[in-house]
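The structure appears below as structure tokens.
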Amino acid sequence: MQLFRVIALVEGVTTIALFLIAMPLKYWAGNPVLVPPVGMAHGVAWLAYVMGMALCLPGYRLSAWQTARVFLFALFPFGTFINEPMLKRKQEQRAQAGRELLRA
């Protein structure tokens, strides 16, 4: 889960860079130089996010809605940041369950 949360953070930061830095430079300042590299970084980060969902999230007991939410919110700018508290909570719940198993 920690790896997925890092991937989600990178995806969110690249979204911010694309929408708040590269695209305004292109459309308001007429300088499109940042759009291709930032756009590519964001595309790679989004693909890593989707692959990370498939590889990192099974086993964390996400409900069908939570799984759909993690994917759907990635389709909207800044949506990954909305998911962060839920993902952190799931990670902490799993860690707590692991500690309880060790005590038993």
Only listed residue being touching a Phe, Trp or Tyr at 6+ places or on another chain (Cβ under 7 Å), in a helix (DSSP H, G or I) and charged (D, E, K, R), chosen from Glu11, Glu92
Glu11
Please enumerate the residues belonging to the range 14-36 that are assigned to a helix (DSSP H, G or I) and in contact (Cβ under 8 Å) with a residue 12 or more places away in the chain.
Thr14, Thr15, Ile16, Ala17, Leu18, Phe19, Ile21, Ala22, Met23, Val35
Criterion violated by Leu25 - all others in (1) in contact with a Gly (Cβ under 8 Å, 6 or more places away or on another chain); (2) of a type outside the set (Gly, Ala, Ser); (3) open to solvent by 40 Å² or more (accessible area, probe 1.4 Å) satisfied:
(1)
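Here's the yes/no breakdown for (1) of a type in the set (Phe, Trp, Tyr); (2) surrounded by 14 or more Cβ atoms within 10 Å (Cβ to Cβ):
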{"position": "Ala17", "(1), (2)": "no, yes"}
{"position": "Leu34", "(1), (2)": "no, yes"}
{"position": "Met40", "(1), (2)": "no, no"}
{"position": "Gly59", "(1), (2)": "no, no"}
{"position": "Gln66", "(1), (2)": "no, yes"}
{"position": "Phe76", "(1), (2)": "yes, no"}
{"position": "Met86", "(1), (2)": "no, yes"}
Limited to the range 43-60, what total is found for residues that are touching a Phe, Trp or Tyr at 6+ places or on another chain (Cβ under 9 Å) and in a helix (DSSP H, G or I)?
6
Return only the number of the condition from (1) farther than 13 Å from Val70 by Cβ; (2) surrounded by 17 or more Cβ atoms within 10 Å (Cβ to Cβ) that Met1 does not satisfy.
(1)
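The values are calculated or read from the model by the stated rules, or taken from the named source; none is laboratory data. This one's a predicted model, so the numbers in the text were calculated from it and none came from an experiment. No Cβ is skipped: glycine too gets one built from the backbone with ideal geometry, and neighbour counts run over all protein chains shown. Surface accessibility is based on the protein's heavy atoms, side chains included, excluding ligands, DNA and RNA. Shrake-Rupley method; radii C 1.70, N 1.55, O 1.52, S 1.80 Å.
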